[in-house]
Structures are given as C-alpha cells and as structure tokens.
Amino acid sequence: MNHKQKHLLVIFPHPDDESFGASGTISKFRDEGVPVTYLCGTLGEMGRNMGSPVFANRETLYNFRKKELNQAARNLDINVELLGYRDKTLEFEPSEELAKHLKDRIELHKATTIITHYPGYGVHPDHDALGRAVVKAVEMIEPGFRPEVWMHAISNDSEKDLGEPDFIFDITPYWERKEAAIRAHLSQADGMMNLIEEQDQASEHYQRLKTEQFYRWIFPTD
Amino acid sequence: MKAIEQSVVQEYINKFANKDVYIHLETTNGAYASHFDEKAYNVGAFIRNAQVNYQHGKIVSTGGSFRVGLKLDLGWVYAEGLSDFEFDEHGRLLMAGHDREGRLMVALEISEKPFTHEAEEDES
Ligand SMILES: [Zn+2]
C-alpha cells in the first residue's frame with residue numbers, strides 16, 4: 001500500500017470524541033504527512049454539559065459545539081465534515097441508508113485507514129450505532145479496496161472480552177496537542193480537564209488519556 | 001439562562017395558551033451514568049416538536065425549583081426540576097433544570113415555530 005496516498009478518516013458521532021479518543025493518534029498521522037478528515041455524525045446538540053459555569057442552552061448548544069469542533073480541528077490540523085444527523089438518534093436511522101451514506105464518503109476520500117468506535121463497546125448508543133454502520137459500509141466495498149478499520153473500545157469490560165488491543169500508542173509526544181484539542185471543547189471539557197488537573201498524574205484516568213488503543217476489525221472475506 | 005422569576009415565566013406561559021405551539025420536553029441523566037457508576041440506571045426521554053394547544057398552564061414553586069403543567073384538551077404536559085429560563089430572540093420560552101455541575105437534567109421549551117435542527121439564521 002506504500003504507493004498509495006494514505007488518508008485517515010475518523011468517524012465518530014460527537015464533537016469531542018475525536019479529541020478524547022484519538023487526537024494523539026491523529027497527531028501521529030499528521031506528523032507523518034497523512035491527511036486526516038473527521039466525519040462527525042452529529043453536533044452533540046443533546047449533550048448534558050452546558051459549560052461550567054453554564055453558558056449554553058439546549059437551543060444554542062449545537063452552535064457552540066460546532067465552533068468548538070472547528071477550533072479543535074485547527075489545533076489538530078485536520079478537516080471536518082458534518083454528517084448532519086441528530087444527537088442520540090443514530091441507532092434509529094435506517095441502517096442501510098446510514099451505511100450507504102458512509103460508504104460514499106469513505107470512497108470519496110479514498111480512505112486507507114478508518115478510526116471509529118467498537119460496536120457494542122462504545123458505551124454511548126450513538127458510538128455503537130455509527131461503529132456498526134462503518135462496518136456495514138466497508139463491507140459494501142469490494143475486498144482489496146477496503147480501508148483498514150481501527151476500533152476504539154470504551155466500555156469497562158472491553159479488554160476482558162476483546163483481549164489486548166492490536167495497536168497501543170503512547171501518545172505522550174503529542175500530549176500538548178491532545179490537551180489543546182480537548183480544551184477547545186469548552187462547553188464539554190471543563191469538568192473533565194479540572195478533574196485531570198486535580199488528579200495525581202499517575203492516576204488511571206490520566207494514564208488512559210495518554211494511551212490510545214485500537215482493535216483492527218477483521219472482515220470475514222479479507 | 002437566568003434563575004426563574006415565577007411571575008415573569010407565568011406571563012410567558014399565558015401568552016402561548018390557546019395557540020398551536022411546539023414543545024421540546026426532555027429529561028436525562030446522561031448516556032454515561034452506568035459507565036461511571038455500575039449501580040446507576042440510564043434513564044431519559046425527549047420529545048421534540050410535539051404540536052400542542054394548551055388551554056392554560058401554570059408554574060408552581062417547590063422552594064428550590066419549579067414545576068410546570070400545561071393542560072391540554074385531552075391530556076397534560078408536565079416538567080419538574082426547572083430552575084432557569086430564557087425568552088430568546090426567536091420568541092421561544094426555554095426552561096431547564098441543571099445539577100450542581102451545570103449539567104442539564106430537564107428541559108421544557110415552548111415555541112410558535114418548530115424547533116430546528118440547526119438554526120438557520122445564526123450560522124457561524
Ligand atoms: Zn461521543
């Protein structure tokens with residue numbers, strides 16, 4: 001695949017998923033000269049966090065989150081494309097249509113690697129639904145032309161069920177960029193970042209953010 | 001949003017009575033409740049752009065927060081735990097209740113126009 005121009009496609013449902021879950025890995029790809037596009041499923045307009053102190057409401061939240069996402073994208077030097085779905089509703093979309101929509105984007109961008117949530121281990125129903133749709137979308141592509149799919153698992157039982165992840169990245173070299181990207185999500189991240197600052201740097205949570213790990217999805221016909 | 005002033009909100013509620021209005025009603029404890037605490041339950045419900053026409057509505061103080069009930073010809077719209085409100089530039093009455101960390105727990109909103117997915121005018 002060396003002759004081929006690489007393109008990393010990150011497919012998550014919410015503004016901030018990219019920063020918390022994959023921004024170290026994204027930075028690694030960017031440093032290697034690989035273009036990165038974030039296909040963001042929704043605007044996270046049903047989020048509970050309204051800033052701390054509160055500055056958004058249910059009807060203005062999407063606007064803040066859109067701006068925050070653009071700022072995070074500038075920090076990470078990536079492109080963002082919005083898929084236009086509504087927060088919390090992805091699992092109720094017709095799954096064929098959702099998969100077809102993703103397939104078209106994947107082919108348009110000539111993605112060579114995709115990062116998405118591990119279906120069933122994403123905790124948030126939108127994470128699981130979009131991860132599942134990505135699998136379906138890539139299955140629609142002829143074997144041989146399929147990008148690699150890397151799955152991000154969040155749930156507490158993921159390692160017990162799935163074993164060691166295939167890729168474990170120590171993202172310490174990219175920590176500054178990751179932190180800046182997380183902080184860009186002002187309406188969402190404040191509580192989170194305060195938590196991190198209060199915590200001992202050896203704490204489990206802090207260490208979790210400094211490691212990003214993924215499972216490679218095996219397609220039966222590969 | 002600012003702290004609910006009962007008499008002010010009551011007046012807005014009166015203004016929307018006997019009109020076809022759209023309701024956004026929501027309650028949530030977040031999608032991660034049982035991820036961070038095994039014993040917690042994820043519960044939530046929302047209805048967006050339900051069209052109703054209420055005969056009258058009332059806001060009642062509970063001490064710390066407020067309850068709102070809207071009486072329909074054939075039923076009710078009800079929300080508890082509301083503490084903040086805003087009458088926004090689109091003429092919508094937004095009411096919400098937040099927890100100590102400022103996270104939304106409940107919302108009740110009334111508008112004469114449908115609530116949009118993405119507001120058309122304030123594009124960034
Ligand atoms: Zn998410």
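The values are calculated or read from the model by the stated rules, or taken from the named source; none is laboratory data. On a predicted model such as this, the values are computed, not experimentally measured, just so you know. Note that each Cβ is placed from the backbone with ideal geometry, even for glycine, and that neighbours are counted across all protein chains shown. Protein only, heavy atoms only, side chains kept; ligands, DNA and RNA dropped before computing areas. Shrake-Rupley method; radii C 1.70, N 1.55, O 1.52, S 1.80 Å.
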Report summary line: From the Cα centre of segment A:134-188 to that of segment A:5-55, the distance in Å is 10
Query raised in the report: Which FRET efficiency value, to the nearest 0.05, do you get for B:Arg67 and A:Glu142 by plugging their Cβ-Cβ distance into 1/(1 + (r/R0)^6) with R0 = 56 Å?
Result: 0.45
**Report entry** Å² per residue, accessible surface of segment A:3-216 at 1.4 Å
**Finding:** 42
Query raised in the report: How far, in degrees from 0 to 90, does helix B:6-16 lean away from the longest principal axis of the Cα atoms of chain B, to the nearest 10?
Result: 60
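Would you compute, from DSSP H runs of 4+ residues alone, the mean residue ellipticity of chain B at 222 nm, taking -39500 (n - 2.57) per run and dividing by the full residue count, rounded to the nearest 500?
Details: 2 runs with 15 residues, N = 124.
Calculated at 222 nm, the ellipticity per residue is -3000 deg cm²/dmol.
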Requested in this report: Using a 10 Å cut-off on Cβ to Cβ distances, tally the other chain neighbours for every residue of B:95-102 and report the average as a whole number.
Outcome: 4
Query - Heavy atoms of A:Trp175 accessible to a 1.4 Å probe, total area in Å² rounded to 10 - result: 30
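How many Cβ atoms of partner chains, on average, are near each residue of A:58-65 if near means within 10 Å of its Cβ? Display every interim value, and only then the final one.
Numbers: counts 13, 12, 6, 1, 5, 5, 1, 0.
Rounded to a whole number, the mean comes out at 5.
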Requested in this report: With 10 Å bins from zero, work out the P(r) of segment A:24-152 over every alpha carbon pair and list the percent per bin.
Outcome: 12, 38, 37, 11, 1, 0
**Report entry** Sequence-distant lysines (8 or more away, or on other chains) whose Cα lies within less than 17 Å of B:Lys113
**Finding:** B:Lys15, B:Lys19
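Sort A:Thr113, A:Thr211, A:Thr221 by heavy-atom solvent-accessible area, probe 1.4 angstrom, most to least.
From most accessible down to least: A:Thr221, A:Thr211, A:Thr113.
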Report task. Please give the helix A:186-198 orientation as an angle from the longest Cα principal axis of chain A, in degrees from 0 to 90, rounded to the nearest 10. Result -> 70
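Return the FRET efficiency for the residue pair A:Asp77, A:Asn156: r is the Cβ-Cβ distance, R0 is 35 Å, and the value is rounded to the nearest 0.05. It would help to have the intermediate numbers written out before the result.
Numbers: r = 33 Å, r/R0 = 0.93.
Result of the calculation: an efficiency of 0.60.
Return the FRET efficiency for the residue pair B:Glu38, A:Asp31: r is the Cβ-Cβ distance, R0 is 41 Å, and the value is rounded to the nearest 0.05.
Values: r = 39 Å, r/R0 = 0.95.
Given R0 = 41 Å and the Cβ-Cβ separation, E is 0.60.
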Query - Karplus-derived HN-Hα couplings along segment B:57-72 (A = 6.51, B = -1.76, C = 1.60, θ = phi - 60°), whole Hz, x at Gly and Pro - result: x, 9, 10, 10, 7, 10, x, x, 9, 9, 10, 10, x, 10, 8, 9
Requested in this report: Would you please report the Å³ per residue occupied by the convex hull of the alpha carbon atoms in segment B:2-111?
Outcome: 114
Report task. Could you go through segment A:17-25 in sequence order and give the Karplus-derived ³J(HN,Hα) for each residue, using 6.51 cos²θ - 1.76 cosθ + 1.60 with θ = phi - 60°, rounded to whole Hz, and x for Gly and Pro? Result -> 4, 5, 6, 5, x, 8, 5, x, 5
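Please report the buried accessible area for the interface of A with B, total over both chains, probe 1.4 Å, in Å² to the nearest 100. All intermediate terms of the calculation are to be shown ahead of the outcome.
Working: alone 11080 and 8140 Å², together 16710 Å².
Rounded to the nearest hundred, the buried surface is 2500 Å².
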Requested in this report: Compute the long axis of helix A:125-139 from its Cα atoms, compare it with the longest principal axis of the Cα atoms of chain A, and write down the angle in degrees, 0 to 90, nearest 10.
Outcome: 20
Query raised in the report: Under Stokes-Einstein, with the Kirkwood radius over Cα pairs standing in for Rh, what whole-number D in µm²/s applies to the protein assembly as shown at 4 °C and 1.567 mPa s?
Result: 60
